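The structure appears right after this line, and notes come after that.
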Amino acid sequence: MRHVSRDEIAMLSCSSAGISVGYAFSANKLDYIENLYKRVDISKTGELLWQVFAKGLLEDYIETMVYGDDNLEIPLCFPVCYVPLWSVRYYWIKGEYNRLWKKYLIAAINYPFLKIIPSFVEGRLAIDGGAIDNIPLFPLIKASPQKPLDAIIALHFDARFDYRREFKTDIPVLDLDLSLCNGFEKSHYDFSAETIARRIDKAFLYGDKIASRLFSGDCTAESLKRTIDEIFLEEHTPRQQNFSIDRMLSFLNVAGKVFRNDGGCIRKLF
């Protein structure tokens, strides 16, 4: 945040476990979520899945992080997938805490088979919205903020992602695969405290370098677009040579987006 203020961030859109980070950012408690991730301290895949599936680790995180004193300063949107119709709805939340939020947030961070007792929202079975839209640019592009967006920054873990295959927009979109700053490590399920701390440090340095290029000096629309295009070209080759974990989710997203009702899938919870 050395290069841009919170007031300059119009909105956030997150999916799956990324929602917890988006919520913490909007509620101005990133330190809390960082410490929460570091306390997981699990390096073995089997133990991690057991904690998530049988012990409800993700739900516990939402329960401890979301509470009555929260005030979301930046509007946050997240997708929830409903089955068996495989339909998606995007929910906007902002402002003072609303007790309904927890139910929707828990459903939105509930990937299939990672929870013994499924979530039911609005009378329907609800699962992790990442099953349909793991990189939810849709609500950002469809939103109508009071001031036009200067740029969209998409953070994800899909080396082959290219928003141009799905959207046509005049808003410059910088899509960053965060796997790149960690050298495309294959230890996706290593949540040991040491590994998490190292990844956070690398991501901070990477983000600081990107932000300094984007927001230092001339910040006209032409300059932003030119810098975004330069970064895309620089990172394109290494991204095409690697396979990120979220690529599998992107394949699943195709069917969900085909059945998406673009005209009525965005709702407000405030």
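What follows is calculated from the coordinates using simple rules that are stated; it is not laboratory data. Keep in mind that this is a model prediction, so the values were computed, not measured. Ideal geometry is used to build each Cβ from the backbone, glycine not excepted, and the neighbour counts take in all protein chains shown.
If one computes the Cα centroid of region 30-88 and of region 109-165, what distance in Å separates the two points?
Result: 14 Å between the Cα centres.
For the chain, give me the percentage of DSSP beta bridges that are antiparallel, rounded to the nearest 5 percent. List each step's numbers first, then the result.
Values: 17 of 27 bridges.
Of all bridge pairs located within the chain, approximately 65 percent are antiparallel.
Grab the alpha carbons of region 92-197, take their convex hull, and tell me the volume per residue in Å³.
On the way: hull volume 19.7 nm³, N = 106.
Convex hull of Cα atoms, per residue: 186 Å³.
Only four residue types carry charge here, +1 at the Cβ of Lys and Arg and -1 at the Cβ of Asp and Glu. Report the dipole size of the chain about the Cα centre in Debye, rounded to the nearest 20.
Numbers: 34 positive and 36 negative charges, 138 e Å.
Rounded to the nearest 20 debye, it is 660 debye.
Modelling each spin label as a point 7 Å along the Cα-to-Cβ direction, I'd like the residue 69/residue 5 distance in nm, to one decimal.
In this crude spin-label approximation the distance works out to 2.5 nm.
Kirkwood Rh, Cα Rg: Rg to Rh for region 1-126?
Details: Rg = 15.0 Å, Rh = 15.4 Å.
Rounded to two decimals, Rg/Rh equals 0.97.
Where does each of 66-78, 142-154 land if you order them by average Cβ count within 10 Å, highest first?
Working: 66-78: 17.5, 142-154: 12.9.
Sorting 66-78, 142-154 by mean packing, highest first, produces 66-78, 142-154.
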